[in-house]
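Notes follow the structure.
The values are calculated or read from the model by the stated rules, or taken from the named source; none is laboratory data. For clarity, every value in this text was computed on a predicted model and none was experimentally measured. When we count neighbours, we look across all protein chains shown, and the Cβ atoms used for this are built from the backbone with ideal geometry, even at glycine. Remember, those area values only see protein heavy atoms, side chains included, never the ligands or the DNA or RNA. Shrake-Rupley method; radii C 1.70, N 1.55, O 1.52, S 1.80 Å.
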Amino acid sequence: MNDKNKSIHEFDFTLICEYFSSIERQGPGSPEVTLKALSFVDNLTSESRIADIGCGTGGQTMVLANHTAGHITGIDLFPTFIELFNANSENLNLGDRVNGVVGSMEHLPFRNEELDLIWAEGAIYNIGFERGLNKWRELLKPGGFIAVSEASWFTEERPGEIDAFWKDAYPEIDTISRKVRQMQKAGYIPMANFVLPENCWTEHFYAPQAAAQEKFLEKYAGNKTAEELVENQRHEADLYDQYKAFYGYVFFIGKKV
Ligand SMILES: C[S@@+](CC[C@H](N)C(=O)[O-])C[C@H]1O[C@@H](n2cnc3c(N)ncnc32)[C@H](O)[C@@H]1O
């Protein structure tokens, strides 16, 4: 594998963290899409317990919080993201019901059947789609909801370059219909799924990065790792531009049976 195709996971933890801390979202998405996914979720009240797993700095969490009344816990592995998350929550006067904690999605700090809603935008891939759906299910109350966005293929076949890129980055990428089946098999009613529009990648993810990249490269002039990280992200954006007909993010909303 050449450097250009190096997976994001192979870069230095601290550098990645700094790079992504400078932008509002750490993955493709938008406020409109968060609200669309939320529109398929019923029965939330001021007593509801919600977890946003792999919350990052909380771009989508704050949108959720402004449209739900319950208590939201954001969980992320990166302490810097959680610091920014909690600062965002305080700035929006949401500190009494929106809290970020550092933790792993492998060992979540919730009791069985404690949660009404599990949210994870662009994050479940870290544990694996099927594994996450199965493992997190026990934390949901019966009738509780899960809403996750996940990289998915739009077609059965696709050009070799993009096939190879994703099979290296995330071998569990699969077609929408197979992901829906996996959700059903894990014990959820598949309530809805929809493809995230292109602007979730271009306007809300890659454009803010383009601005951040200039500053990052200035700060780390001559640092090979930083340069590679930026090159890697630019390559990913180019691939998206070229092959967006074949893949994208899809929101899957399920209800625990
Ligand atoms: C692509 S980002 C998505 C962030 C945010 N949900 C969004 O859409 O902007 C994936 C997030 O998962 C977090 N993450 C990765 N592995 C994790 C783990 N094992 N446990 C908790 N969070 C993790 C990363 O730190 C990162 O914030």
Amide H to amide H, which residues 5 or more places from GLY144 or on other chains are under 5 Å from it, using H placed in the peptide plane? LYS256
Between GLY56, GLY132, GLY100, where does the largest GNM mean-square fluctuation fall for the chain, given springs only between Cα atoms within less than 10 Å? GLY132
Would you rank LYS36, LYS255, LYS135, LYS215 by solvent-accessible area, highest first, keeping every protein chain in place and using a 1.4 Å probe? LYS215, LYS36, LYS135, LYS255
Summarise the accessible area of the stretch 1-148 (1.4 Å probe, protein heavy atoms) by the percent that is carbon and sulfur. 48
Average accessible surface area per residue within the stretch 10-147, 1.4 Å rolling probe, Å²: 42
Accessible solvent surface per residue of the stretch 166-227, calculated while the other protein chains remain in place, 1.4 angstrom probe, Å²: 55
Could you give me the ³J(HN,Hα) list for the stretch 93-104, computed from phi with Karplus coefficients 6.51, -1.76, 1.60 and θ = phi - 60°, whole Hz, x at Gly and Pro? 6, 10, x, 6, 9, 10, 10, x, 10, 7, x, 9
So if R0 is 30 Å, what FRET efficiency would LYS215 and LEU35 give, r being the distance between their Cβ atoms, rounded to the nearest 0.05? 0.45
Give the residue from LEU139, ALA120, TYR170 lying farthest towards the positive end of the charge dipole for the stretch 100-182; charges sit on Cβ (+1 for Lys and Arg, -1 for Asp and Glu) and the dipole is referred to the Cα centre. LEU139
What does the charge count near SER46 come to, summing +1 for each Lys or Arg and -1 for each Asp or Glu among other residues with Cβ under 12 Å from its Cβ? -1
Amide H to amide H under 5 Å from LEU108: which residues, 5+ apart in sequence or cross-chain, H placed 1.01 Å off N in plane? none
Hz values of 3J(HN,Hα) by residue in the stretch 140-146 - Karplus curve (6.51, -1.76, 1.60), Gly and Pro given as x: 8, 5, x, x, x, 10, 10
Would you compute, from DSSP H runs of 4+ residues alone, the mean residue ellipticity of the chain at 222 nm, taking -39500 (n - 2.57) per run and dividing by the full residue count, rounded to the nearest 500? -12000 deg cm²/dmol
Fully extended contour minus Cα-Cα distance, from MET191 to ASP168, at 0.36 nm per residue: 5.3 nm
Which percent of the accessible heavy-atom area of the stretch 150-245 goes to carbon and sulfur, probe 1.4 angstrom? 52
Span from the the stretch 33-71 Cα centroid across to the the stretch 84-161 one, whole angstrom: 11
